[in-house]
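Working notes, beginning with the structure itself.
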Amino acid sequence: MNPCPPVPPPVFGVGDASFLAAGGIEGINRLVDDFYQIMDESSDIASVRQMHGKSLDLARNKLASFLCGWLGGPRLYAENYGSINIPQFHARWPIGEGARDAWLLCMQRAIARQPYSPEFAQYLLEQLRVPAERIVQASGILYGRKES
């Protein structure tokens, strides 16, 4: 009797592997809920929290919808809100390196609360750095400076 060959680990970023590693829609909703809870509770992220309105309901829905499609799942953002250009969407705020770092710190803390494999947690945070940096670059061009 031949033993089953080992199953190779998923290749994040291919197909729906990242979406599934994040726990599907339910897992992404948990991540987003933790992200905004941390944002509400953390004084070192207050500058980013101030960019949002009093209610975070719409922001939660938009971020969860975006992450679903971005991670290879259903394209809920496009279905509900249309297409998105991440730097252009954030152009209403001058976002510098300090705000980027605060946002990423909040996301790092939220990721740490999830039951993700260490490999996926690292992958996800690294991938989130890409659009975060693009927003800073676009803001620098738009505002001619980088603010926190």
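Figures for the structure shown
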quantity	calculated
Filtered residues of segment 83-122 (kept if modelled with pLDDT of 90 or more and over 21 Å from ASP33 (Cβ atoms))	GLU97, GLY98, ALA99, ARG100, ASP101, PRO118, GLU119, GLN122
Segment 85-135, residues that are touching a helix residue (DSSP H, G or I) at 6+ places or on another chain (Cβ under 6 Å), farther than 22 Å from GLN50 by Cα and without any contact (Cβ under 8 Å) to a residue 60 or more places away in the chain	ALA121, LEU125
Qualifying helices (runs of 4 or more DSSP H) (wholly inside segment 1-96; at least 1 residues being crowded, with 19+ Cβ neighbours inside 10 Å)	17-21, 24-41, 46-49, 57-70, 76-81
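The values are calculated or read from the model by the stated rules, or taken from the named source; none is laboratory data. Remember, it's a predicted structure, so these values are computed and weren't measured experimentally. Counting neighbours? That spans all protein chains shown, and the Cβs are built from the backbone with ideal geometry, glycine included.
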